[in-house]
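Before any comments, here is the structure.
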Amino acid sequence: MLDLDHRLLSPSILSADFYNLGTEAENALHCGANWLHIDVMDGHFVPQLSFGSKIVADIKRHNKCFCDCHLMVTNPEDLIDAFVAAKADLINIHAEATYHGDRYINRIKDAGCFAGITINPTTPVSSIIHYLPLVDMVLVMSVNPGFSGQKCITYNFDKIRELDNIRKDKGYSYKIEIDGGITMHNVQTVLDAGCDIVVAGSGFFGLDNDGKRQFADMIHNYK
């Protein structure tokens with residue numbers, strides 16, 4: 001079970017400057033990021049390519065930060081072992097990308113990692129109801145995955161509220177994460193809805209260091 005003392009910020013390094021990726025990652029953590037969000041894209045499930053498990057292995061070799069790995073790929077089961085070997089902390093797969101999700105959630109957890117399930121903007125919470133007792137985290141996409149810098153699709157905030165209500169009603173322990181178009185202008189709304197972990201890409205990396213710290217403080221100091 002993920003045990004969180006407060007709400008967390010997990011910036012997506014997809015929006016970092018790849019030429020200076022190590023420096024950007026270190027600076028994000030210095031400015032208040034709790035985790036690093038690793039968006040893995042295969043050019044098939046989503047239209048872009050990003051990076052594989054080596055980026056996680058290299059981050060963990062130089063910095064022991066929590067790596068929040070989001071597999072936006074077809075057949076995510078083919079990558080689980082590589083990300084486990086790279087010392088990923090959390091491996092998140094898409095409900096839309098696999099027919100045997102419970103098997104792979106259990107495989108991730110049996111390997112010693114936290115496991116998450118992700119839903120795209122048009123995928124209803126009802127489609128993952130049987131995952132909820134199993135997973136450590138549910139990631140709600142508030143953009144269609146594949147590109148950073150997209151406008152937030154705000155109807156997905158209702159999914160956060162729905163997941164929070166189910167969690168309270170059933171006594172489940174999963175955490176709720178949101179990813180897509182989250183900025184300082186709408187982060188309060190998603191926190192109010194029940195979100196525990198905020199992923200921000202361009203909304204974080206596009207800020208100067210003072211802005212990054214302010215964004216992190218808004219999340220950490222949420223009551």
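Observations, loosely collected:
- Considering (1) over 26 Å from Val73 (Cα atoms); (2) touching a Phe, Trp or Tyr at 6+ places or on another chain (Cβ under 8 Å); (3) not polar (S, T, N, Q), the lone condition that Lys168 does not fulfil carries the number (2).
- No other residue among Lys87, Lys64 is on the phi < 0 side of the Ramachandran plot and surrounded by fewer than 21 Cβ atoms within 10 Å (Cβ to Cβ) apart from Lys64.
- Of the residues making up region 41-76, those that are within 20 Å of Glu177 (Cβ to Cβ), out of contact with any Pro (no Cβ under 9 Å at 6 or more places or on another chain) and aliphatic (A, V, I, L, M) are Ile55, Val56, Ile59, Leu71, Val73.
- Within region 137-147, the set of residues being surrounded by 20 or more Cβ atoms within 10 Å (Cβ to Cβ), touching a residue at least 40 places away in the same chain (Cβ under 8 Å) and part of a loop (DSSP other than H, G, I, E, B) comprises Ser142, Pro145.
- So Gly180, is it on the phi > 0 side of the Ramachandran plot and either surrounded by fewer than 18 Cβ atoms within 10 Å (Cβ to Cβ) or hydroxyl-bearing (Ser, Thr, Tyr) (or both): no
- Checked across region 199-220, the condition of being in contact with a Pro (Cβ under 6 Å, 6 or more places away or on another chain) and within 24 Å of Leu71 (Cα to Cα) holds for at least one residue.
- Filtering Gly112, Gly101, Gly116 for residues that are under 21 Å from Asp68 (Cα atoms) and exposed (fewer than 15 other Cβ atoms within 10 Å of the Cβ) leaves a single hit, Gly112.
- Considering region 153-223, the qualifying helices (runs of 4 or more DSSP H), each wholly inside and each with 2 or more residues that are over 17 Å from Met141 (Cα atoms) and in contact with a Leu (Cβ under 8 Å, 6 or more places away or on another chain), run over 157-170, 209-220.
- Boolean, Met137 is within 16 Å of Val40 (Cα to Cα), modelled with pLDDT of 95 or more and of a type in the set (A, V, I, L, M): no
- When Leu36 is tested against (1) of a type in the set (A, V, I, L, M); (2) surrounded by fewer than 16 Cβ atoms within 10 Å (Cβ to Cβ); (3) touching a Cys at 6+ places or on another chain (Cβ under 6 Å), only condition (2) is not met.
The values are calculated or read from the model by the stated rules, or taken from the named source; none is laboratory data. What you are looking at is a predicted structure, and each value in this text was computed from that prediction instead of being measured. Methodologically, a virtual Cβ is constructed for each residue, glycine included, from the backbone with ideal geometry; neighbour enumeration extends over all protein chains shown.
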